[in-house]
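Novice: Below is a structure I'd like to ask you about.
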Amino acid sequence: MRFPYALPVVALLCIHPGRAEPAEASLRLTTDSAEYCESLALRLAGMPAAAAPLPNALSEEGRRLCAGGHYRTGIAKLRRAIRLANEARAGG
């Protein structure tokens with residue numbers, strides 16, 4: 001077979017878009033930047049469960065990493081803090 005990757009590509013292109021599940025939330029394009037770090041920090045600050053020890057510690061560490069230019073790691077910490085705050089709010 002001359003192009004072994006051609007069949008999966010063709011198969012993906014043939015998928016009917018009407019069968020896809022609708023997105024529940026609007027999609028956001030994000031980049032690893034100081035602005036995105038700030039956006040996550042502000043979102044977390046507005047959550048009641050953000051003051052819990054673990055989300056708070058992760059948030060502080062994430063903001064410190066972002067301030068030091070380590071955006072990917074800082075964003076990962078902030079996202080984890082948001083996820084934990086959401087779980088705490090939901091009772092999980």
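The values are calculated or read from the model by the stated rules, or taken from the named source; none is laboratory data. Since the model is a prediction, treat every value here as computed from it, not as a measurement. Reconstructed Cβ throughout: ideal geometry from the backbone, glycine too, with neighbour counts over all protein chains shown.
Novice: Is it fair to say residue 30 is of a type outside the set (A, V, I, L, M, F, W, C), surrounded by 10 or more Cβ atoms within 10 Å (Cβ to Cβ) and at pLDDT below 90? Full working, then the answer.
Specialist: Numbers: of a type outside the set (A, V, I, L, M, F, W, C): yes; surrounded by 10 or more Cβ atoms within 10 Å (Cβ to Cβ): yes; at pLDDT below 90: yes.
Answer is yes for this residue.
Novice: Name the residues in segment 39-64 that are in a helix (DSSP H, G or I), surrounded by fewer than 19 Cβ atoms within 10 Å (Cβ to Cβ) and not polar (S, T, N, Q), would you? First the steps, then the outcome.
Specialist: Just the residues of segment 39-64 that are in a helix (DSSP H, G or I), to begin with: 39-45, 48-51, 53-64.
From what is left, the residues that are surrounded by fewer than 19 Cβ atoms within 10 Å (Cβ to Cβ) are 39, 42-43, 45, 48-49, 51, 53-54, 56-57, 60-61, 64.
Listed by number, the residues that qualify are 42, 43, 45, 48, 49, 51, 53, 54, 57, 60, 61, 64.
Novice: Tell me which of these residue 69 doesn't satisfy, since it passes every other one: (1) part of a loop (DSSP other than H, G, I, E, B); (2) surrounded by 13 or more Cβ atoms within 10 Å (Cβ to Cβ).
Specialist: Result: residue 69 passes all but (2).
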